[in-house]
Structures are given as C-alpha cells and as structure tokens.
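Q: Have a look at the structure that comes next, please.
Just so you know, all these numbers are worked out from the coordinates, no wet-lab data involved. Just so it is clear, the model here is predicted, and its values are computed rather than measured. All Cβ positions, even for glycine, are placed from backbone atoms using ideal geometry, and neighbour counts span all protein chains on display.
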Amino acid sequence: MEPIIAPSKSADIGMRQLRSLANMQPKQRWEVIAQGLPLLLKSADGLDASSRAMKDSGRAREILSGHASEEGAKILILLDYVRCPLGLSEFAQRTLWKFYDHGSRLIYADACHWRPTDVNELCEYVDCERRSHYLEGFAGEYILPNSNIYRRESRLYADLTRQQDGSFIWNDPESTIGYNSPWDFSPAAIRVARSLAKVGAFKAQGLAIIHRIWAAQSFTGPEHAMRSDELIKETLNALIEAKLVSTDAEEQDARVIYGSWQMPMYAIDTKTAEVSLEDLHAAQERELYAQM
C-alpha cells in the first residue's frame, strides 16, 4: 500500500484534488481513478434519468441534462489522462485541469459527435468551439458570446447582459429553453461512458491496459483517426483477453466506442480563448468586404 502523505497546505484539504494523481505511482493512480469512474457514471446516470423523467420541456430538464452530459465528459477527460504518454507530463496536468473547467467539459461532450480525419483537424474544431465570441449573420453583423457557454450560463442564472450596441437586458432563464428532441436519447458522452464501463475500461486493470496501449502513441499532431480506431480495436481485444468485459456488454457497445470515443485531446488547448472587440470588428470588416 502506498504511504499516505500529510497535506502541506490548506488547499490540499477538500475537493478538487486531481492534481495529486501526478505524485502517485501508476498502480495507485489507476486504482484511485478506478474508484472514481463508476461514481462519475452513477452521478451522470442519475441526472440523466431525472432529466428524462420530466416529459415537458422545461428549464429544470435542460439543466439536469446539461449537468449529466458534463459528468459524462469528466469521465472522458480522465480517460484522456490515462491515454497520455508518461513523457508528456505537462499535457497530462493540463488534462486534469480540464476536469474542472466548464468550457472544456462542454467541448469534450460535443467532440463525441465529431469525426475529424486527424488530430490537426480536431484541433481546428476545438479552436472554433473555444472562442469567447464569434460573428453571426449574413455578413457577420452580429457579435455573440460563445454559444455553448452562454447556453449553459443563461439557463442557470438570471443576470444582466449587454448587447453589442451597448444596451442592457436582463437574462430570463425561463426564456432560454431550447427545442426538446422527440428522441429520448441520453447525451453522447454518457452513452460512450456506459459502453466503456461495460467493456472493463473502468477497472484498475483495464486502465493499465488502456495506458499501455495508448501511451505508446502520442497524439500531438498529424496522427490520423484511423490510428485511433486501430488502438480502440487493440484495446477491446486486450480487455476481452483479460476477461474484464461485463456479461451485459453487447456489440452495440463496440459500435458506440468506435463511433463516439474521440481521439485523445490531451495535447489540444480547450481553455476559452478570449477574442478582443477590436479583432471582432476587424473580422466584421473583412466579412462585409467579402460580400461586396
């Protein structure tokens, strides 16, 4: 058993302690993460079930669904940490930071729907999604805040907002309710997490297998999506050989993992990128000129 190290400062007591994983030996690290993954999935499942139990499209349903998706994204972030090569410790620590960042979790959840051809294209997708503001309209006449973050915040809080013309308006969370899909699906991040749990990826031995297979290949530049698919196949075969796959795992779980478990994003910056008003105005001028 690894020795328990006493806290050296007050910040070492309480929640938000994932950074401590860096000071653990691999075996202990996988064991600690394996303890948390089922709890994260349980949390996501509970929020998802409560959301879908609300048949009418209300604010509470959207809040619960959004939180459920973020809990699922936290699982994918931790698995990215596991997939990160030991020699890329800086990327590994940044990945742990993403666990606590709302914008990063929203990007990880969205990434389950993307099929980029390689890591460079994946980076382009992320860079587009993490901009603090963007232009909308035929000629970019409207300046809007990051849609994912604004949608999250506007359904949670009543707050004073400001328009690009300088006028103020109070946000009414009840007026931000979106379209409710007739399809009663759980968020994609949760579906991926459930399938990974069934094939044994949440067990300490399974995490060790994932690290052994994925950490031998760094995903920091031009790596193609086909290489990710090859590693998924190798991972599934290794989990089967180790007899870690649950009896309730189905072929559909493999399809979900292949289709929605994104390439590793540990080397991709997901932090919100602040876009200045000057840059936005310059972009508007370019858009207007392009329409002339």
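Q: Do any of LYS203/LYS271; LYS98/LYS198; LYS243/LYS271 go past 27 Å between their Cα atoms, and which?
A: Details: LYS203/LYS271 29 Å; LYS98/LYS198 25 Å; LYS243/LYS271 38 Å.
LYS203/LYS271; LYS243/LYS271, as the Cα separations exceed 27 Å there.
Q: How long are the three semi-axes of the equivalent ellipsoid of the chain, in whole Å, if each is the root of 5 times an eigenvalue of the C-alpha gyration tensor, listed from largest down?
A: That gives 35, 22, 21 Å for the three semi-axes.
Q: Compute the semi-axes of the equivalent ellipsoid of the range 33-139, taking the square root of 5 times each eigenvalue of the Cα gyration tensor, and list them largest first in whole Å. Intermediate values should be presented prior to the final figure.
A: Numbers: eigenvalues 129, 104, 24 Å².
Semi-axes from the Cα gyration tensor: 25, 23, 11 Å.
Q: Search the structure for amide H atoms under 5 Å from the amide H of ASP118, placed 1.01 Å from N in the peptide plane, and list their residues when 5 or more places away or on another chain.
A: ALA225
Q: What is the set of long-range amide H partners of ASN171 at a cut-off below 5 Å, with H atoms built 1.01 Å from backbone N?
A: The answer is ASP159, LEU160, THR161.
Q: Further question on the same structure: Can you give me the three principal axis dimensions of the range 94-153 from its C-alpha atoms, in Å, biggest first?
A: Extents along the principal axes, in whole Å: 37, 30, 19.
Q: Still on this structure, please answer the following. In Å and from the alpha-carbon atoms only, list the Rg and Dmax of the range 1-94.
A: Cα-based Rg and Dmax for the range 1-94 come out at 16.7, 52 Å.
Q: In whole Å, what are the extents of the range 99-212 along the principal axes defined by its C-alpha atoms, from largest to smallest?
A: Extents along the principal axes, in whole Å: 57, 33, 29.
Q: Another question, then. Looking only at GluC sites (Glu not before Pro) in DSSP loops with at most 13 other Cβ atoms within 10 Å, what is the longest site-free stretch of the chain?
A: With GluC sites (Glu not before Pro) excluded where exposed in loops, the chain gives 1-140 as its longest stretch.
Q: Taking only DSSP H segments of four or more residues, each worth -39500 (n - 2.57), what value at 222 nm results for the chain once the sum is divided by all its residues, to the nearest 500 deg cm²/dmol?
A: -17500 deg cm²/dmol
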